[in-house]
Amino acid sequence: MPEAPNMTQKPADYNLELKNKKILQFIEDMTSNPDEVQKDVLEEILSSNAHVEYLKTHGLDGRTDRDSFKNIMPVITYEDIQPYVERIANGDTSPILCSKPISEFLTSSGTSGGERKLMPTIEEELGRRSLLYSLLMPVMSQFVPGLDKGKGMYFLFIKSEAKTPGGLVARPVLTSYYKSSRFKDRPYDPYTNYTSPNETILCLDSYQSMYSQMLCGLCQHKEVLRVGAVFASGFIRAIKFLEKHWRLLCNDIRTGTVDFQITDSSVREAVMNILKPDPELADFIEAECSKDSWQGIITRLWPNTKYVDVIVTGAMSQYIPTLDYYSNGLPLVCTMYASSECYFGVNLNPLCKPSEVSYTLVPVMAYFEFLPVQRNNGVSNSISVPKTLNEKEQQELVDLVDVKLGQEYELVVTTYSGLYRYRVGDVLRVAGFKNKAPQFNFICRKNVVLSIDSDKTDEVELQHAVKNAVNHLMPFDATLAEYTSFADTTTIPGHYVLYWELSLNGNTPIPPSVFEDCCLTIEESLNSVYRQGRVCDKSIGPLEIKIVEPGTFDKLMDYAISLGASINQYKTPRCVKFAPIVELLNSRVASCFFSPKCPKWFPGYKQWSNTN
Ligand code: AMP
């Protein structure tokens, strides 16, 4: 297996060109014989975990070859390993899933039973994540030269962490990464030279973190060559923050002082190392921000920016028009594809159009398998993947090098940290090949109907939430005849909209407060990632119910049939995206109501006592 390039060089022997060359060669090697690499990866995972309880229970008996593995081990979802995960969380340190000690839990934005999924991880995975990060800039610098001559303005944040009853930390993967010494004490590297000092990223208070990162980004505006955040929604949130707070920020730049609301002393100190009184810069920013139009604000305030580095694939594609507007059409670059379970791959052609982005899975990260999925034609264009697989379906999984161009697959991973044939829940389509390694378009997250930020709400959760809410209508002898939903990102932050058509049997008018209660009940019933977005990150706005006129959903059906849907098979879509359908619904709105307050959210898990 090719060696990963050594990432711990000291400034004295720093040679950027050589380092980039080595990394690009590593990518060449990886993609030239992915099947061998994959075979070695599986062998390594299975031999080092030969004695773990999970593999023994299934009778793998120390075998490490692909055939035995595929014949014996089931393809699973989170619910299948949840009992094992709970034992680890409760303090069982025996080798249950992995022979190496579990260092912490990564909390996924995917949920189970309304709570974030918990992914056990091991110390060495940090090295694999760092390896994937190290590939990004050498790839990018092939297309955009000179990126080592300036800085990146990235808005990066940590989230709160909890402790399991057994004492392990549980937190999102990026929080884990930013708090690790790999990030905090990273050696000199012009490509990880950010405008945000570590202290501003590591501040848990999201207002102080955003304010201080923005202030540092503005102070160093001429040095900034690239801007970004992890997801598009996060970057737009930063622009919105600037729109709201530029006067305060300009005041700080003018005087060289930090606003009193920034109370964290380490943040203040880090910002003061950068901030100098600069009335000229303050005048410039004030002049730009007070103009009527904010079109191109990114290129106006950070004139040397060459691209916007944010994920705009999958659900995030809804933000492309807004980003284009603020950045005057700068390239939107999606560099990587990753998850709490495992970091997967990189985009080797980063300047391509967002609609053409494909990710090359890096074969050393995990053992990858692919479950073919069928697309149901018709208006819903839904994707059909069985929830549990029978033996025949389990046989249909194919290896990385056996996927077919144009075919869609659900990604299944076997990781070093103890997931075996685990269904990630993402649907990918083969877009092409780099050497012998396939490249995948990200198609969608299975079953997700609504997403604004990192929240992922599926149809079952939505149905359950709506069911709880309609109880408020009972005293008025009203029932819900039909409903659908829409992720409205024309507001910043975006928010969920539910279109409701009612059957009214009683004569008592329904007061607005009842519909507001319905909005709040839905929010209270949604999963903890949604509620955290509402309460803590403020990345999701209040949920809205739009009451539509009687007959609206008949009109919707007529429209779908006029587009070719079969009348016999027609089912009301529980989520709409297609602009003419949203327009049709909006044209028949009789009244709208918003959630009057935030739903409840607490860090940690329902069943644990919290540490924060
Ligand atoms: P989490 O486990 O919370 O880190 O979320 C991981 C999930 O985010 C993945 O399984 C994908 O569904 C989504 N995701 C991550 N990277 C990308 C990407 N580049 N494009 C689209 N979706 C992504």
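The values are calculated or read from the model by the stated rules, or taken from the named source; none is laboratory data. Because the structure is predicted, anything quoted here is derived from the model rather than measured. Neighbour counts run over all protein chains shown; Cβ positions are idealised from the backbone, glycine included. All accessible areas refer to the heavy atoms of the entire protein, side chains included, with ligands and DNA or RNA removed. Shrake-Rupley method; radii C 1.70, N 1.55, O 1.52, S 1.80 Å.
For the chain, the share of DSSP beta bridges that are antiparallel, to the nearest 5, is 75%.
Taking all Cα pairs closer than 8 Å and separated by 6 or more residues, the relative contact order of the stretch 225-369 comes to 22 percent. About its Cα centre, the dipole of the stretch 449-594 is roughly 160 debye, where the only charges are +1 on Lys and Arg Cβ and -1 on Asp and Glu Cβ. Summarising the amide proton neighbourhood of Trp500: residues at separation of 5 or more, or on other chains, whose placed amide H is nearer than 5 Å comprise Lys546, Ile547, Val548.
Calculated mean residue ellipticity, 222 nm, the chain: -10500 deg cm²/dmol, from DSSP H runs (n ≥ 4) at -39500 (n - 2.57) each, averaged per residue and rounded to 500. Using the Cα coordinates of the stretch 449-594, the gyration tensor eigenvalues translate into equivalent-ellipsoid semi-axes of 23, 21, 13 Å, sorted from longest to shortest. The figure for Trp601 is an accessible area of roughly 40 square angstrom, using a 1.4 Å probe on the protein chains alone. The residue among Leu225, Pro580, Ser209 whose Cα reaches farthest toward the positive pole of the charge dipole of the chain, with charges on the beta-carbon of Lys, Arg, Asp and Glu, is Leu225.
With the cut-off at under 12 Å, measuring from each backbone N in the stretch 507-548 to a point 7 Å along the Cα-to-Cβ line of Asp477 picks out 507-509. Across the stretch 536-543, computed HN-Hα scalar couplings (Karplus, 6.51 cos²θ - 1.76 cosθ + 1.60, θ = phi - 60°) run 9, 8, 6, 8, 10, x, x, 5 Hz from first to last residue, x flagging Gly and Pro. In this structure Ser293 has an accessible area near 50 Å², from a 1.4 Å probe over the protein heavy atoms. Length available on full extension from His464 to Ser112: 0.36 nm per residue minus the Cα-Cα distance, which gives 125.3 nm. Sequentially through the stretch 112-119, phi angles give Karplus couplings (6.51, -1.76, 1.60; θ = phi - 60°) of 9, x, x, 10, 4, 5, 9, 10 Hz, Gly and Pro residues having no value and appearing as x.
You can think of it this way: the chain between Ala579 and Asp283 has 102.5 nm of extra reach, that is 0.36 nm per residue less the Cα-Cα gap. Which whole DSSP H helices in the chain pass both tests: a Cα extent of 27 Å or more along the axis and a mean Kyte-Doolittle value no lower than 0.0? Once both thresholds are applied, what remains is 125-143.
Here r is the Cβ-Cβ distance between Gln82 and Asp40 and R0 is 35 Å; the resulting FRET efficiency, rounded to 0.05, is 0.70.
Shown are Leu18, Leu174, whose ranking by accessible area with a 1.4 Å probe and every protein chain present, most to least, is Leu18, Leu174.
Note: relative contact order over the stretch 5-108, using C-alpha pairs below 8 Å and six or more positions apart, is 22 percent. Basic side chains Lys and Arg get +1 at the Cβ, acidic Asp and Glu get -1 at the Cβ, and with that the dipole of the stretch 153-306 about its Cα centre reaches some 580 debye.
A Förster distance of 41 Å, applied to the separation of the beta-carbon atoms of Lys276 and Arg186, puts the FRET efficiency at 0.95.
Here's the list of aspartates and glutamates a cross-link from Lys240 could span, going by alpha-carbon distance under 15 Å and ignoring same-chain residues fewer than 8 apart: Glu288, Asp292, Asp324, Asp453, Asp537. Please report how far the C-alpha centroid of the stretch 248-315 lies from that of the stretch 67-129, rounded to the nearest whole angstrom. Cα centres, the stretch 248-315 to the stretch 67-129: 41 Å. Label reach from Lys353 (point 7 Å along Cα→C-beta): in the stretch 418-441, amide nitrogens under 17 Å belong to 431-432, 441. Remark: relative contact order (the chain) = 13 percent; criterion is Cα-Cα distance under 8 angstrom and separation of 6 or more residues. In a simple Cβ point-charge model (Lys, Arg +1; Asp, Glu -1; nothing else charged), the stretch 1-148 has a dipole of about 240 debye relative to its Cα centre. Among the listed pairs Lys392/Lys446; Lys353/Lys538; Lys306/Lys577; Lys291/Lys456; Lys392/Lys456, those whose Cα-Cα separation exceeds 25 Å are Lys353/Lys538; Lys306/Lys577; Lys291/Lys456; Lys392/Lys456. Our estimate of slack between Glu393 and Trp608, defined as 0.36 nm per intervening residue step minus the Cα-Cα distance, is 73.7 nm.
For the chain, the per residue solvent-accessible surface stands at 42 Å², with DNA, RNA and ligands left out and a 1.4 Å probe. Between the residues Gly494, Val535, Leu473, the greatest Cα displacement towards the positive end of the dipole of the stretch 449-594, with unit charges on the Cβ of Lys, Arg, Asp and Glu, is found for Gly494.
The fraction of accessible area contributed by carbon and sulfur in the chain is 51 percent, rounded to a whole number (1.4 Å probe; ligands and nucleic acids excluded).
Here the Kirkwood formula puts the hydrodynamic radius of the chain at 26.1 Å, using every distinct Cα pair.
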